[in-house]
Amino acid sequence: MSFADSPLAAFLIGTAFGFALERAGLGDARKLAGQFYLKDFTVLKVMFSAIVTAMLGAFWLGRVGLIDLAAIHVPETFLAPQAVGGLIFGVGFVVSGLCPGTSCVAAASGRLDGLAAMLGLLAGVLITGLAFPLLEDFYRSTDRGVFTLPEMLGLPYGVVVTLVVAMALAAFRLAETLERRS
Amino acid sequence: MKTAQPYANPYVAGVCLGLVLLGAFVVAGQGLGASGAFANVATGLVDAASPRTAERNDYFASYLSGGAPWTAWMVVEIVGVIAGGALSAFLAGRMRVEIARGPGIGDRSRLAYAAGGGAIMGFGAVLARGCTSGQALSGGALLSVGSWAFMLAAFAAGFIAAPLARKLWR
């Protein structure tokens with residue numbers, strides 16, 4: 001077994017992930033919920049800083065030839081179930097104030113609402129899994145395979161990366177303005 | 001007990017999180033995940049209760065094909081998330097048994113809404129093949145169209161539902 005597939009690699013990557021989420025305050029449901037009332041923009045700032053960092057890192061490491069981008073698994077696109085799943089997920093997110101990863105961090109720091117969210121998630125996945133035969137056609141619909149924004153927009157990878165950075169910087173600016181006002 | 005330290009600057013924490021995500025891309029050839037761990041555990045439970053049900057269900061069967069779901073990569077990763085979250089909270093003096101809730105609801109309601117919201121997210125994450133970690137963060141950084149559709153839909157729905165959920169938080 002390679003190091004990449006080893007339990008140790010999985011554990012260490014997870015540990016760093018959980019550590020970073022807790023440091024940012026994302027184990028606190030009040031902070032996460034604050035995003036949806038435009039009172040606390042931590043979620044937006046952390047998420048987009050992380051996306052931009054990893055996106056730029058992957059782009060440049062690939063460009064200078066240090067990594068092979070083809071070796072990184074890109075989640076496949078199933079447009080309709082992902083959009084509908086996202087809509088449902090968003091409602092659950094604001095009701096519970098936590099998402100799957102942050103519910104684990106909340107529980108890890110002693111928050112019982114984090115534990116409750118974890119149990120609810122498990123129940124939700126379990127019940128949806130049992131009902132899967134009813135959902136299967138929709139689940140497999142609108143299959144686009146690996147489909148990226150550069151392909152969809154017909155623009156070079158580097159141009160889309162630049163556009164995402166510009167969008168993130170604009171979002172950060174707006175977030176700072178709105179936060180000062182509240 | 002020492003007093004709790006304030007949280008880190010969100011941009012600094014976000015860049016660190018992005019470096020962890022980049023590390024996962026380079027080392028493991030895949031991004032981070034969270035809902036996948038719940039799917040593996042659900043599969044393990046169904047398989048333990050009724051192996052036939054698990055095998056005949058395409059969703060659970062897909063999680064059985066890679067070996068024992070209890071020791072899947074994603075489950076070990078999420079055990080790490082819990083360990084890392086606990087370590088960070090402990091070092092910062094933030095480890096405390098409490099129920100984080102808005103001022104307008106009681107502890108019991110808060111736990112019920114946390115679990116109910118969790119169940120709704122579980123439904124959404126199955127349909128979307130992932131959550132804020134696997135789709136929004138990981139697929140987002142790799143510019144997957146479906147991941148961006150998930151992220152935009154989730155936040156749009158959150159903002160639309162927020163006024164209705166106002167009594168939970170404000």
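The values are calculated or read from the model by the stated rules, or taken from the named source; none is laboratory data. What you see is a predicted model; the values in this text were computed from it and never measured. FYI the Cβ positions are ideal-geometry reconstructions off the backbone, even for glycines, and counts take in every protein chain you see.
The set of residues in region B:113-166 that are within 13 Å of the chain's Cα centre (by Cα) and among the hydroxyl-bearing types (S, T, Y) comprises B:T132, B:S133, B:S138.
Per-residue answers, yes or no, for (1) touching a strand residue (DSSP E or B) at 6+ places or on another chain (Cβ under 7 Å); (2) farther than 26 Å from A:A108 by Cβ; (3) modelled with pLDDT of 95 or more; (4) of a type outside the set (V, I, T):
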{"site": "B:V20", "(1), (2), (3), (4)": "no, no, yes, no"}
{"site": "B:A37", "(1), (2), (3), (4)": "no, no, yes, yes"}
{"site": "B:N40", "(1), (2), (3), (4)": "no, no, yes, yes"}
{"site": "B:A54", "(1), (2), (3), (4)": "no, yes, yes, yes"}
{"site": "B:A61", "(1), (2), (3), (4)": "no, yes, yes, yes"}
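Of all residues in region B:46-58 being buried (at least 18 other Cβ atoms within 10 Å of the Cβ) and part of a helix (DSSP H, G or I), which is nearest to the chain's Cα centre (by Cα)? Out of the qualifying residues, it is B:V46. Of the residues making up region B:103-125, those that are within 7 Å of chain A (Cβ to nearest Cβ) and either of a type in the set (S, T, N, Q) or out of contact with any Pro (no Cβ under 9 Å at 6 or more places or on another chain) (or both) are B:R110, B:L111, B:Y113, B:A114, B:A115, B:G116, B:G117, B:A119, B:I120, B:F123, B:G124.
Summed over region B:1-22, residues that are aromatic (F, W, Y) and in a helix (DSSP H, G or I) total 1.
Residues that are in contact (Cβ under 8 Å) with a residue 60 or more places away in the chain and among the acidic types (D, E) were ranked within region A:1-39; the one that is farthest from B:G80 (Cα to Cα) is A:D28.
Take the residues in region A:102-134 that are out of contact with any Asp or Glu (no Cβ under 9 Å at 6 or more places or on another chain) and within 22 Å of A:K39 (Cβ to Cβ), then tell me which one is farthest from the other protein chains (Cβ to nearest Cβ). Residue satisfying both the conditions and the ranking: A:G114.
Which ones in region A:6-34 are more than 7 Å from chain B (Cβ to nearest Cβ), of a type outside the set (S, T, Y) and either outside any helix (DSSP H, G or I) or surrounded by fewer than 24 Cβ atoms within 10 Å (Cβ to Cβ) (or both)? If the condition is that a residue be more than 7 Å from chain B (Cβ to nearest Cβ), of a type outside the set (S, T, Y) and either outside any helix (DSSP H, G or I) or surrounded by fewer than 24 Cβ atoms within 10 Å (Cβ to Cβ) (or both), then A:L8, A:L26, A:K31, A:G34 are the ones that fit.
Any residue at all in region A:81-89 that's more than 7 Å from every other protein chain (Cβ to nearest Cβ) and either touching a helix residue (DSSP H, G or I) at 6+ places or on another chain (Cβ under 6 Å) or modelled with pLDDT under 95 (or both)? No. One residue alone among B:G93, B:G33, B:G29 is touching a His at 6+ places or on another chain (Cβ under 9 Å) and either under 23 Å from A:A9 (Cα atoms) or surrounded by fewer than 14 Cβ atoms within 10 Å (Cβ to Cβ) (or both), and that residue is B:G29. On the stretch given as region B:12-48, residues that are in contact (Cβ under 8 Å) with a residue 60 or more places away in the chain and either more than 7 Å from chain A (Cβ to nearest Cβ) or on the phi > 0 side of the Ramachandran plot (or both) total 3. Taken over region B:59-68, the criterion of being assigned to a helix (DSSP H, G or I) and over 23 Å from A:G92 (Cβ atoms) is satisfied by B:A61, B:L64. Scanning region A:35-48 for residues that are facing another protein chain (nearest Cβ under 8 Å) and among the basic types (K, R) yields a total of 1. Counting only helices (runs of 4 or more DSSP H) that fall entirely inside region A:62-177 and contain at least 2 residues that are crowded, with 19+ Cβ neighbours inside 10 Å, the qualifying elements are A:79-96, A:100-108, A:112-130.
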